[in-house]
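Structure first, commentary second.
Read the figures in this text as sums done on the coordinates, not as results from a lab. Keep in mind the model is a prediction, meaning the values are calculated, not measured. Methodologically, a virtual Cβ is constructed for each residue, glycine included, from the backbone with ideal geometry; neighbour enumeration extends over all protein chains shown.
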Amino acid sequence: MDDKPHFRNVALLWLLSCVIMVPIVVFVIGPGLPPGNGSVQASGQVTDNTVLLAVATPVALGVLVYMAYALWAFRERTPEVVLDGPPIRGNASVQFWWLVVTTVLVLFLAGYGSVRLLADGSGGGQGPNPIAVPSPPKGTSVLPVQVIAQQWEFTYRFPTYGGVQTRDIELPANTLIRFNVTSLDVIHSFWAYELGVKADANPGVNNVAYVTTKGPLTFHVRCAELCGVWHGYMFNTGTVVPRAQFAAWITQQRVQYAPATKNLPPYSRTYFPPPLRRGG
Ligand SMILES: [Cu+2]
């Protein structure tokens, strides 16, 4: 081994690359990360993605800087004599710091993830008894919307508006929405991308996902669980609209679907298994 200060050189190069790259990740790349700022939970996911990427950046830079340094500093200058370097095995200092750094990183990520999940549910399905229930914006109350998946479409039922079931989804702005997600047949997944919501839709299960809408927005709903041949066609385009516009829309839907509503089974958390038909 030569007596050049290789460790110090690599450490300094790594530090320099971190000083350049971490702010770029946080302030330039971070704000453009998915799923955008369509809801409070979606913005939270952008923050989380930024934090995770910022934590991963020094790790990735450590690997890349060392690799580039080793290629340059330890290259064989006389090709006819190919020598191996000294083994790193048994280096107590490297082993110790490897364990400390990786343990701290993993514990931080576990803690951060748990805290963020408990803050507002993060837009994920929490099962029938959610632990994380966000509070609605001041002066408003939660709006329950049932998402009913079936091969191959989503429909939406509004228990506080006469149990009307609609084919499209419109939501009021600046409102806490409680999605009660279920399925009539096989497994599906309700994925409202711009809202930052993804929740499994399973038959016989009431899966609750919370989202707090922001301003007017167009969002895309897709099924995110392979559910049969027309899985790829199982999508909707939804909108978040001002509260008055939502009130007008839901009134119009109640009138339009009144003949269908009276033939629907009463509102229930699940509709599976379907009732047996007599004489069928
Ligand atoms: Cu599906």
Ranking of 112, 156, 233, 257 by count of other Cβ atoms within 10 Å, fewest first: 233, 112, 257, 156
Gaussian network model of the chain, springs between alpha carbon atoms under 10 Å - residue of 228, 36, 139 with greatest fluctuation: 139
Within the chain, helix-based [θ] at 222 nm, where runs of 4 or more DSSP H residues each add -39,500 (n - 2.57), nearest 500: -12500 deg cm²/dmol
Distance between the stretch 42-101 and the stretch 206-231 - C-alpha centres, whole angstrom: 40
Which of 190, 83, 176, positive extreme of dipole for the chain (C-beta unit charges): 176
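How big is the convex hull of the Cα atoms of the stretch 143-263, per residue, in Å³? It would help to have the intermediate numbers written out before the result.
Numbers: hull volume 11.4 nm³, N = 121.
Taking only Cα atoms, the stretch 143-263 has a hull volume of 94 Å³ per residue.
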Cα radius of gyration and Dmax for the stretch 1-54 (Å): 17.0, 57
At R0 = 30 Å, FRET efficiency that the Cβ-Cβ distance of residue 78 and residue 56 yields, to 0.05: 0.20
Cross-link reach list, lysines versus residue 214, counting only Cα pairs under 16 Å and skipping chain neighbours closer than eight places: 138
For 187, 177, 24, order by how many other beta-carbon atoms lie within 10 Å, fewest first: 24, 187, 177
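Only Cα pairs under 8 Å and at least 6 apart count here; give the relative contact order of the stretch 42-151 as a rounded whole percent. Don't skip to the end; give the middle numbers.
Details: 21 pairs, mean separation 26.3, N = 110.
Reported as a whole number, the value is 24 percent.
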Segments 163-170, 195-202, 27-34 sorted - mean Cβ within 10 Å per residue, highest first: 195-202, 163-170, 27-34
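Tell me which trypsin sites (Lys or Arg not before Pro) from the stretch 1-99 have a DSSP coil assignment and no more than 16 other beta carbons within 10 Å of their own.
Values: sites: 8, 75, 77, 89; in loops: 75, 77, 89.
When the trypsin sites (Lys or Arg not before Pro) of the stretch 1-99 are filtered for loop state and at most 16 Cβ neighbours within 10 Å, 75, 77, 89 remain.
If the chain between residue 21 and residue 105 were fully stretched, how many nm would it gain, using 0.36 nm times the residue separation less the Cα-Cα distance? Mind showing how you got there, number by number?
Numbers: separation 84, 0.36 × 84 = 30.24 nm, distance 1.86 nm.
Stretched fully, the residue 21-residue 105 segment lengthens by 28.4 nm.
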Alpha-carbon centroid distance for the pair the stretch 21-38 / the stretch 157-198, whole angstrom: 29
Computed over the chain: relative contact order in percent, which uses C-alpha pairs under 8 Å that are six or more apart: 18
For the chain, Kirkwood radius (reciprocal of mean inverse C-alpha pair distance, Å): 22.6
On Cα atoms only, tilt of 40-73 relative to the major axis of the chain in degrees: 20
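Could you work out Rg/(2.2 N^0.38 Å) for the stretch 1-142, with Rg from alpha carbons only? Please list the in-between numbers first.
Working: Rg = 22.2 Å, N = 142, 2.2 N^0.38 = 14.5 Å.
So the Cα radius of gyration is 1.54 times the expected 2.2 N^0.38 Å.
Using the count of nearby Cβ atoms within 10 Å as a rough guide to exposure, how do 182, 50 rank from fewest to most?
Working: 182 28, 50 18.
Going from least to most buried by this count: 50, 182.
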Unit charges at the beta carbon, dipole of the chain: most positive-side option, 115, 105, 247: 247
